[in-house]
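To start, the structure itself, in structure tokens.
Bear in mind these aren't lab numbers, they're just calculated from the coordinates by the rules spelled out. Quantities reported herein were computed from a predicted structural model and do not represent experimental measurements. Using ideal geometry, Cβ is built from the backbone for each residue, glycine included, and neighbour counts are taken over all protein chains shown.
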Amino acid sequence: SKEGYPHFMLKEIHEQPLAINSTLAGIEEGAFNKVVNAILDSRKILIIGAGTSYHAGLVGDYLLTSMLGLDTHTLISSEYRKYLNAVNDGDTVIAISQSGETIDTLVAVRAFKERGAKIIAISNVIDSAIPRESNYVLYTRAGPEIGVAATKTFTTQLTVLTILALKIGVATGKLTTNEYRSAMDMIGKIPGLLQNVITKTEGKVKALSEHMSKKQSAYYLGRGIGVPLSMEGALKLKEIAYIHAEAYPAGESKHGPIALVEENYPVVFSILDDDNADAMLGNVMEMKARDAYIIGLVPDKYVGKFRELLNVTLEMPSIDYRVAPVIYIVPMQLLAYYTAVARGYDPDKPRNLAKTVTVE
Ligand code: F6R
């Protein structure tokens, strides 16, 4: 049931602190250890997924590549052929699918398995097709997701991927035991932080959605781990509010996309507490110079620096960039939700989309 919420999507957005807590409580050390060992034995890691699961994969890729220096490649499941020749015996493929039934991902799993790769599934549905055909499984424990747009399954996928990256880090000596412990402590704080962000931003986002509902197009910009985060924010708006939304790395604006920006064009910036904050300030200024309508998700410690330039400031906690996507996506989910409602659409049942895509 919707438990008093007008839509499943809103209920599921609000359920995220609980879904993450359940996922943390359900972590099976044995299963993680096997996965870590398989990864240590392989030369290359491929990550595959479709839609939101692909975006989760890109966040995981960022951690494995930039934090651990592992040879990681992330691809959209239906594009698996590009890598068939690049996979060797014992390489690992992480297949991400909340439903565990997405045909594109299943087909790619079969093809890579035939090449000798070991498959690690990350799924929310126990014993679904992809986990059944995989060598190892890590489950998210988000509970059933009814809304077509993935919300709590995404944030729990990010939780599992971040823990996996930390465990690989400590196993390879890239992270000290102390670094590992303090990062795990930080993960334990996510549900509480996320609850605060919902409480603090929901009213403001709802007011913003009235404005957004009249727009035809929007940009979502970030740098670093903020790029896949922005891609996920844009997908949410597109799929349920039917507003064209595009995400790209903020540094690319001047290489083309800024040509489209005119007065009041909406741009959503995800500014993180990382090495990119100064460069992001420059990117916000270049949009300001075109009189864009700028929405900024800003860590509290930088609010003073950015507020003047922003039309709407959504204050985020100043947290380690490695866990920022889990927190930052929530106001963007809410923005998509309230914008869809303001436009008169049912966010639970977007046109042309099915919850599980079982035809190629
Ligand atoms: C977006 C969405 C889809 C799915 C995609 C993969 O909100 O729900 O993009 O993420 O169809 O689905 P799974 O994770 O079940 O393989």
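Some observations on this one:
- Quotient of Cα Rg and 2.2 N^0.38 Å for the stretch 1-123, N being how many residues it contains: 1.18
- Backbone N within the stretch 219-252 under 19 Å of label point (7 Å from residue 275 Cα along the Cβ vector): 222-229, 249-252
- Across 189/355; 82/152; 215/236; 11/82, pairs whose alpha-carbon gap is larger than 27 Å: 189/355; 82/152; 11/82
- Table column - 3J(HN,Hα) (Hz), the stretch 146-160, Karplus curve with 6.51, -1.76, 1.60, x for Gly and Pro: 8, x, 5, 6, 6, 10, 5, 5, 5, 5, 6, 4, 4, 4, 5
- Cα centre as origin, Lys/Arg/Asp/Glu Cβ charges: the stretch 249-326 dipole, Debye: 60 debye
- The residue list 281, 234, 248 was ranked by how far each Cα lies along the charge dipole of the stretch 149-289 toward its positive end, using unit charges on Cβ atoms, and 234 comes out on top.
- Rounded to the nearest 0.05, the FRET efficiency derived from the C-beta distance between residue 174 and residue 288 at R0 = 41 Å is 0.55.
- In degrees, nearest ten, helix 16-25 long axis to first principal axis of the chain (Cα): 20 degrees
- Pairs of alpha carbons in the stretch 226-342 whose separation is greater than 19 Å (percent): 44 percent
- Stretch gain in nm, segment residue 311-residue 246, where the contour uses 0.36 nm per residue and the Cα spacing is subtracted: 21.5 nm
- If only the Cβ of Lys and Arg carry +1 and only the Cβ of Asp and Glu carry -1, the dipole of the stretch 156-266 around its Cα centre is close to 280 debye.
- Value of D in µm² per second that Stokes-Einstein yields for the stretch 63-214, Kirkwood Rh from Cα pairs, at 37 °C (0.692 mPa s): 186 µm²/s
- P(r) tail for the chain: Cα pairs beyond 39 Å make up 11% of the total.
- For the chain, the longest principal axis of the Cα atoms and the long axis of helix 29-40 meet at an angle of about 80 degrees.
- Build a GNM of the chain with springs between Cα atoms under 10 Å apart, and of 144, 131, 17 the one that fluctuates most is 144.
- For the stretch 157-301: Kirkwood Rh in Å [reciprocal of mean 1/r, alpha carbons]: 17.0 Å
- In nm, spacing of pseudo-spin labels at residue 111 and residue 353 (7 Å Cα→C-beta vector): 2.5 nm
- The C-alpha atoms of the stretch 83-131 occupy a region whose extents along the principal axes are 29, 17, 12 Å, arranged from largest to smallest.
- Only one residue of 264, 194, 212 has its Cα farthest out toward the positive end of the dipole of the stretch 170-312, where Lys and Arg carry +1 and Asp and Glu -1 on Cβ, and that residue is 194.
- Scanning residues 5 or more positions from residue 70 or on other chains, those with amide H under 5 Å from its amide H are 65, with H placed 1.01 Å from N in the peptide plane.
- Gain in span if fully extended, residue 216 to residue 182, counting 0.36 nm per residue against the direct Cα distance: 7.9 nm
- Sorted from longest to shortest, the spans of the Cα atoms of the stretch 307-360 along the three principal axes equal 44, 29, 15 Å.
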